[in-house]
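The next block holds one structure in the form of structure tokens; read it before the comments.
Coordinate-derived values only; no laboratory data. Not measured: the values here are computed from a predicted model. As a convention, Cβ positions derive from the backbone with ideal geometry for all residues, glycine included, and neighbour counts pool all protein chains shown.
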Ligand SMILES: Cc1cc2nc3c(=O)[nH]c(=O)nc-3n(C[C@H](O)[C@H](O)[C@H](O)COP(=O)(O)O)c2cc1C
């Protein structure tokens, strides 16, 4: 496995926009990959116990322990999350928080690796993709591409979508809307989004096949992070 793909959606893959985009990126990379779904896992957020500071190994006993080896083994990551309240959903947030374990005593296990960030929202996929990029940069992992799309908000199928005035169908199409299947957003029907996924996959595969220089990526990421820290309040 060269790339670890991570689907942070809580939905069954048959209904998940995140899954469709993460899969498209992976399939177009041309390299070996493994895909994990966080919806099957029980993973808590970081509890700040600092049990990992001596050896960079998290001591919380849950499903992240088994994923740690895969995270370490991969050269790159394709991580996708849905937009919940304009940020990452908690499944993906908890998963990425736990990468804190790799950061102590200049632990360089993940430094210089590559990533693609995928975000899908009922209206806006950019927020989770940006958040994933930020998480990755704390381990000096370069996000080579971000792919964002519009997924199927539950309001289209909850049963009240045609009348609920705070739901996406009424807010998008106005009162009196009649919901039809073709109105329900599907990333695979968004040509620019699918093209971005194909392009991201190819770019990631190309960077990996070129044998990217992890030292160089690390140096660039460190410089970028230092500049960011210098400008924070
Ligand atoms: C609790 C919850 C909060 C959500 N908040 C937002 C939001 O703030 N902005 C948005 O664009 N979509 C929001 N959505 C819609 C999801 O992002 C959307 O359904 C997306 O398609 C989910 O991706 P998935 O199909 O891969 O699970 C929310 C959905 C849920 C369940």
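Here are a few things to note about the model shown:
- In units of the compact-protein estimate 2.2 N^0.38 Å, region 41-121 shows a Cα radius of gyration of 1.12.
- Principal-axis analysis of the Cα atoms of the chain puts helix 126-137 at an angle of about 10° to the longest axis.
- Fluctuation leader among 41, 70, 178 - the chain, Gaussian network, Cα springs under 10 angstrom: 178
- When the convex hull of its Cα atoms is projected in every direction, mean area for region 94-171 (nm²): 6.1 nm²
- Degrees, to the nearest 10: 214-230 long Cα axis against longest axis of the chain: 70 degrees
- Three-way shape label, region 89-129, alpha-carbon gyration tensor, a/c 1.5: oblate
- Reported to the nearest whole Å, the Cα centre-to-centre distance from region 14-50 to region 172-216 is 15.
- Stokes-Einstein D for the chain, Kirkwood Rh over Cα pairs, 10 °C, 1.306 mPa s (µm²/s): 86 µm²/s
- In degrees, nearest ten, helix 191-209 long axis to first principal axis of the chain (Cα): 10 degrees
- Dimensionless Rg/Rh of region 105-233 - Kirkwood Rh, Rg from C-alpha atoms: 1.14
- Listed by Cβ neighbour count within 10 Å, with the fewest neighbours leading, 62, 75 appear as 62, 75.
- With each label modelled as a point 7 angstrom along the Cα→C-beta vector, the residue 184-residue 209 pair spans 3.7 nm.
- 222 nm mean residue ellipticity, helices alone, for the chain (DSSP H n ≥ 4; -39,500 (n - 2.57); rounded to 500): -11000 deg cm²/dmol
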